């Protein structure tokens, strides 16, 4: 139906960036560093080759997940929306509450190191405010 209202689940920042006024508003966007952590669950990925494509400085998407094991689960996705892992359970409660309240969070890779048979990926978590 042409007159139907459709809810579009898109962050305010993404909507601004894709709009023609985005270039005017972008200077008003601030990234506030909240916390340093790491990506949990990298050893349980279905396709671990995604870890070979990341590098320090990459911007990552954080997305809430309906998860029966952790009600505060936050997925960490690369720019292609491929799963890298999770914000560790011990760190995620405050970030989950912020995201549930409509705040936009993102992460940036700060370090990648080989720890035995797996990669440890450090991330900084940021609140995007404008």
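The values are calculated or read from the model by the stated rules, or taken from the named source; none is laboratory data. What you see is a predicted model, and the numbers here were worked out from it, not measured in a lab. Cβ: placed from backbone, ideal geometry, glycine included. Neighbour counts: every protein chain shown.
Data table
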read-out	value
Matching residues in the range 107-123 - criterion: being assigned to a strand (DSSP E or B) and out of contact with any helix residue (DSSP H, G or I) (no Cβ under 7 Å at 6 or more places or on another chain)	107, 108, 109, 110, 111, 112, 113, 114, 115, 120, 122, 123
Matching entry among 19, 44 (being more than 16 Å from residue 129 (Cα to Cα), modelled with pLDDT of 90 or more and either in contact with a helix residue (DSSP H, G or I) (Cβ under 9 Å, 6 or more places away or on another chain) or surrounded by fewer than 17 Cβ atoms within 10 Å (Cβ to Cβ) (or both))	44
Residue in the range 62-84 that is in a helix (DSSP H, G or I), closer than 26 Å to residue 29 by Cα and over 10 Å from the mean Cα position of the chain (by Cα) present	no
In the range 47-66, the residues that are surrounded by 10 or more Cβ atoms within 10 Å (Cβ to Cβ) and farther than 23 Å from residue 102 by Cα	48, 50, 51, 53, 54, 56, 58
Residues satisfying the stated conditions in the range 63-77, i.e. over 16 Å from residue 90 (Cβ atoms) and in contact with a strand residue (DSSP E or B) (Cβ under 9 Å, 6 or more places away or on another chain)	63, 64, 65, 75, 77
Count of residues meeting criterion [buried (at least 16 other Cβ atoms within 10 Å of the Cβ) and under 17 Å from residue 121 (Cβ atoms)] in the range 67-81	5
Any hit, the range 85-99, residues being at pLDDT 95 or above, in a strand (DSSP E or B) and surrounded by 15 or more Cβ atoms within 10 Å (Cβ to Cβ)	yes
